[in-house]
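Here's the structure we're looking at; comments come further down.
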């Protein structure tokens with residue numbers, strides 16, 4: 001049986017751990033609020049720019065103009081690149097594990113379909129996981145989340161788009177956790193390029209038959225919108241992953257703090273019982289010694 005000193009040491013250790021996990025929960029909650037605000041601003045913009053591309057495309061079709069943008073052109077898929085987004089640090093529950101499992105599943109499902117499945121990683125956990133697999137072509141974008149800005153998304157989007165246009169890859173997919181709530185993140189696989197054109201919303205009768213005037217022309221507008229749309233998709237995925245990480249960490253640290261409290265209560269009960277047993281033993285020894293003297 002553990003001594004009273006050992007139990008006191010364990011109780012102190014558990015209390016210190018609770019302070020750490022509690023502080024990490026508060027930090028994650030603070031970062032989560034800012035991340036949610038960023039997502040709230042990015043989602044409507046991403047939706048509207050997608051609808052703008054759809055309206056431009058529909059207008060071009062009605063005018064019988066032939067407009068081609070390389071990021072809109074589909075071709076036979078032989079090489080695929082999967083961009084895997086994880087966190088740089090751990091202690092966020094199953095956030096990283098769920099993404100890595102889905103990445104492994106994606107590779108297994110498409111290994112016999114395409115000639116090659118390349119991996120691009122954003123986040124240290126993904127890089128450390130895939131760099132141990134020498135049979136994969138691996139590209140890493142380091143420290144993106146430590147300096148999370150739209151410029152980072154723009155650089156990544158330009159490189160991915162350039163590789164697609166140059167024929168180095170035939171399709172690019174994003175794999176990330178979509179933020180729903182602090183306790184709910186959905187693993188999402190989304191095709192980045194070729195850009196899937198959206199359908200015009202036919203319920204908007206006022207917009208459906210409008211003729212738009214373009215400055216300078218529809219080709220120029222489309223060529224400007226499509227790269228920005230790709231960058232916005234990457235930016236949104238980064239924000240979704242970032243918010244999901246903070247939500248997962250806040251939830252994990254909350255659970256760890258609660259579990260620490262339960263362990264502390266059990267150790268305290270064990271300590272009290274051991275202390276009571278020691279006191280009872282001492283009393284019995286005192287009474288036994290007194291009876292021996294009197295006898």
Relative pair counts by distance (%), Cα atoms of region 97-144, 5 Å bins: 5, 21, 31, 27, 12, 4, 1
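Working from the pairwise distances between different alpha carbons, so that the mean of 1/r is found and then inverted, what is region 156-196's Kirkwood radius in Å? Spell out each step's value before the answer.
On the way: mean 1/r = 0.0870 Å⁻¹.
Kirkwood hydrodynamic radius for region 156-196: 11.5 Å.
What number, rounded to the nearest 500 deg cm²/dmol, is the helix-based mean residue ellipticity at 222 nm of the chain, given -39500 (n - 2.57) per DSSP H run of at least four residues and division by all its residues?
Values: 6 runs with 179 residues, N = 295.
Counting only the DSSP helices, I get -22000 deg cm²/dmol.
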Helix 95-110 vs. the chain, principal-axis angle (Cα, 0 to 90°, nearest 10): 50
Ordering of 38-50, 230-242 by packing [mean C-beta count within 10 Å, highest first]: 230-242, 38-50
Antiparallel bridges, percent of DSSP beta bridges restricted to region 108-195 (to nearest 5): 70
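For the chain, give me the percentage of DSSP beta bridges that are antiparallel, rounded to the nearest 5 percent. Each step should come with its number before you reach the end.
Values: 9 of 25 bridges.
Beta bridges within the chain, antiparallel portion: roughly 35 percent.
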Rounded to 10°, Cα long-axis angle of helix 4-62 versus longest principal axis of the chain: 10
Stokes-Einstein D (µm²/s) once Rh is taken as the Kirkwood radius of the chain over alpha-carbon pairs, at 25 °C in 0.890 mPa s: 106
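If R₀ is 30 angstrom, what is the calculated FRET efficiency for the pair residue 109 and residue 166, using the beta carbon separation as r and rounding to 0.05? Numbers along the way, then the final one.
Details: r = 26 Å, r/R0 = 0.87.
Given R0 = 30 Å and the Cβ-Cβ separation, E is 0.70.
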Cα-only Debye scattering, region 28-166: base-10 log of I(q)/I(0) at q = 0.14, 0.18, 0.19, 0.20 Å⁻¹: -0.89, -1.24, -1.30, -1.34
Hull volume in cubic angstrom per residue (convex hull over the Cα atoms of region 250-292): 26
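Rule-of-thumb check for region 1-59: C-alpha Rg over 2.2 N^0.38 Å?
On the way: Rg = 25.1 Å, N = 59, 2.2 N^0.38 = 10.4 Å.
Normalised by 2.2 N^0.38 Å, the Cα Rg of region 1-59 equals 2.42.
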Among 135, 37, 170: highest mean-square fluctuation, GNM of the chain, C-alpha pairs under 10 Å: 135
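Bear in mind that the values in this text are calculations on the coordinates, not laboratory data. Every value quoted in this text rests on a predicted model; they were computed, and no experiment measured them. When we count neighbours, we look across all protein chains shown, and the Cβ atoms used for this are built from the backbone with ideal geometry, even at glycine.
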